[in-house]
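S.K.: Mind looking over this structure? Questions follow.
Each reported figure results from applying straightforward, stated rules to the coordinates on display, with no laboratory input. Quantities reported herein were computed from a predicted structural model and do not represent experimental measurements. Positions of Cβ are generated from backbone atoms using ideal geometry, with glycine treated the same way; all protein chains shown enter the neighbour counts.
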Amino acid sequence: MTDLTPDHVSADTLLLVPDVTLTPDGPQEGYGVVVAHGTFVGVGPAERLARTHPQLTPVRLPGHVLMPGFIDAHHHLTQSFGAALAFGEPSEIFRRVWVPLEAALDEESAFVATKLAALESLRGGFTTVADAGTRASVDVDVVASAAREAGIRCVLGLVCNDADDEGDAAGAVLAKAEKHLARYDGDALIHPSLAVSVPEAATPGTLRDTARLAAAAQAVVQIHVNEHLAGVERSLVRFGLRPLEYLHHVGALGPQLVAAHATLLTPAEVGLLADTGAAVSYNPVASAWKGNAVAPATTLAARGIRFGLGTDGTRGDAFRLVEAAEFAQRLMYGLATGDSSCGAGWTWLEHGAAGGADALGLGTRTGRIAEGAAADFLLVDVTGPEMHPSWDLPWELVRRGNRDQITAVFVAGRLRLWRGWPPDWDGPALVRRAAELGPEVVRRASVVRAHPTSEAARTRAAAPGPPGGAPVRGVPRVAADAPGFRSAAR
Ligand SMILES: [Zn+2]
């Protein structure tokens with residue numbers, strides 16, 4: 001519809017009547033929602049809501065689906081300046097790209113990088129992001145402030161590494177962890193959490209104590225687990241156990257854990273997840289772009305293992321994430337077993353919203369269009385040719401939905417984005433500032449890339465070279481002339 005404007009949906013209390021409302025019981029026609037004080041206070045047949053809320057003028061939303069905002073269960077908000085630096089890179093890029101990049105951030109650049117990532121996420125239909133903990137040497141409250149200003153809900157990780165030289169002593173780490181968990185009491189958008197980069201980055205005592213502290217605070221601990229072959233093998237050599245087994249061994253496996261990636265799982269480890277109630281962030285785009293494997297998400301779903309979907313900062317586009325979630329399962333497992341349905345559409349919508357909220361410990365707070373839940377939702381325009389004739393809305397949203405259909409994004413009952421841009425702050429100015437600051441930060445960081453930029457790769461492909469892809473004379477292995485890049489070959 002063309003005459004709908006932000007003014008129609010900007011009041012503190014709203015009765016919205018879309019064509020279809022995506023509830024936990026499935027798509028409902030003729031439903032409405034009442035939003036007040038940041039939450040859904042009514043969800044049900046629109047006629048009934050109009051009767052019980054006579055003071056409200058119903059806002060009709062023809063051609064729109066009202067659906068839960070997506071939850072990004074794994075992100076690194078302060079890495080946004082380097083998103084494309086990781087393209088084409090082999091695994092474990094955190095060592096060569098992310099750690100140096102985050103180390104080069106100061107307060108302003110960390111703030112702008114976070115707000116840029118938050119804006120991208122909102123544009124992509126995410127209303128919550130889980131930040132796995134910045135390694136920038138700034139107060140993590142910089143990340144909180146930027147997320148809050150952008151208007152996104154944020155599960156904010158505090159890195160608790162204490163096993164290597166960069167980390168603090170265990171006592172200091174735990175004191176900071178306790179403070180962090182109490183720091184955002186009553187905050188409408190910020191939900192504190194703890195984080196350990198990988199199991200080996202914290203001492204066994206700290207792994208156990210962070211699990212205990214988080215569980216007591218009803219928060220989560222985010223840890224990258226069983227992501228890359230190199231990491232699994234390192235753990236086996238060092239501890240005689242795979243990373244997930246090691247977490248179990250030290251007493252850190254439980255419902256408070258969000259195991260990011262969990263791509264390389266043995267059947268026994270799937271059993272450990274099921275038995276302990278630990279949750280997973282399934283990150284299919286990260287697998288495709290920089291991984292060794294794809295988490296067996298259809299198996300996790302069948303076993304009742306809790307999981308959400310995460311981007312890992314690859315791209316903040318929720319419709320492409322749910323599509324990738326299904327697509328990756330189909331290619332990796334569905335083709336091999338003749339499973340042509342692979343979750344039947346609804347699985348990916350559900351885990352992209354309610355499942356992610358549950359994995360992050362926010363299951364009663366967000367992820368559903370239901371009375372009492374935070375009013376975190378999207379208005380999605382389904383008038384285009386891609387969605388008609390409609391036979392199966394969940395499948396259609398997963399396979400044919402696109403972020404340009406998102407008319408409005410609401411978080412905690414407030415309109416945060418209208419047709420891709422914030423109605424109440426200057427989004428384009430932020431993007432311009434990021435375009436200035438980002439290259440400065442990358443120039444300061446000692447980023448090492450193993451893969452050339454796409455232009456250099458094209459030149460190399462065009463020139464006949466020695467077999468095995470060895471560097472061609474005159475064509476650097478990396479864009480060595482690009483500021484901030486150091487060749488891995490050196
Ligand atoms: Zn990550």
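S.K.: Using packing as a proxy for protection, rank 386-392, 363-369 so that the peptide with the highest average count of other Cβ atoms within 10 Å comes first.
M.R.: So the peptides 386-392, 363-369, ranked by packing, come out 363-369, 386-392.
S.K.: Note the full-extension length gain between GLU178 and THR337 as 0.36 nm times their separation in residues minus their Cα-Cα distance, in nm to one decimal.
M.R.: Answer, rounded to one decimal: 52.6 nm.
S.K.: With a ≥ b ≥ c taken as the square roots of the eigenvalues of the C-alpha gyration tensor of the stretch 70-359, please select rounded if a/c is under 1.5 and otherwise prolate if a/b is larger than b/c or oblate if it is not?
M.R.: rounded
S.K.: Against the empirical 2.2 N^0.38 Å scaling, what ratio does the C-alpha Rg of the chain come to?
M.R.: Here the answer is 0.98, to two decimals.
S.K.: When only C-alpha pairs under 8 Å and at least 6 residues apart count, what is the relative contact order of the chain, in percent?
M.R.: Result for the chain is 19 percent.
S.K.: How would you order 10-16, 430-436, 66-72 from highest to lowest mean count of nearby Cβ atoms within 10 Å?
M.R.: The peptides rank, most packed first, as 66-72, 10-16, 430-436.
S.K.: For VAL411, VAL258, which order do you get if you count the other beta carbons within 10 Å of each Cβ and list the fewest first?
M.R.: VAL411, VAL258
S.K.: Then there is this: Taking amide H positions as placed in the peptide plane 1.01 Å from N, state which residues far from THR23 in sequence (5 or more) or on other chains have amide H under 5 Å from it.
M.R.: Close amide H contacts, sequence-distant or interchain: GLN28.
S.K.: Sticking with this structure for a sec: Order of 414-424, 308-318, 272-282, 293-303 by packing, highest average Cβ count within 10 Å first?
M.R.: Result, highest mean first: 308-318, 272-282, 293-303, 414-424.
S.K.: I would also like to ask the following. For the chain, what is the charge dipole size about the Cα centre, in debye to the nearest 20, if Lys and Arg each add +1 at the Cβ and Asp and Glu each add -1 at the Cβ?
M.R.: 1000
S.K.: How would you rank ARG458, ARG148, ARG399, ARG153, going from fewest to most other Cβ atoms within 10 Å of each one's own Cβ?
M.R.: Going from sparsest to densest Cβ surroundings: ARG458, ARG399, ARG148, ARG153.
S.K.: Would you mind classifying the stretch 218-358 by shape? Square roots of the alpha carbon gyration tensor eigenvalues, ordered a ≥ b ≥ c; an a/c under 1.5 is rounded, otherwise it is prolate if a/b is larger than b/c and oblate if not.
M.R.: It is prolate, given that a/c is not under 1.5 and a/b is the larger ratio.
S.K.: Taking the Cα-to-Cβ direction at ALA429 and at ALA215 and moving 7 Å from each Cα, how far apart do the two end points lie in nm?
M.R.: 4.8
S.K.: On a C-alpha basis, how far is the centre of the stretch 131-204 from the centre of the stretch 40-69 in Å? Whole number, if you could?
M.R.: Taking the Cα centre of each part, the stretch 131-204 and the stretch 40-69 sit 38 Å apart.
S.K.: Separate question: Just want the ordering: HIS76, HIS248, from fewest to most Cβ atoms lying within 10 Å of their own Cβ.
M.R.: Fewest-to-most ranking of HIS76, HIS248: HIS248, HIS76.
S.K.: Pulled fully out, how much extra length does the chain show between THR52 and PHE87, if you take 0.36 nm times their separation in residues and subtract their Cα-Cα distance?
M.R.: 7.3 nm
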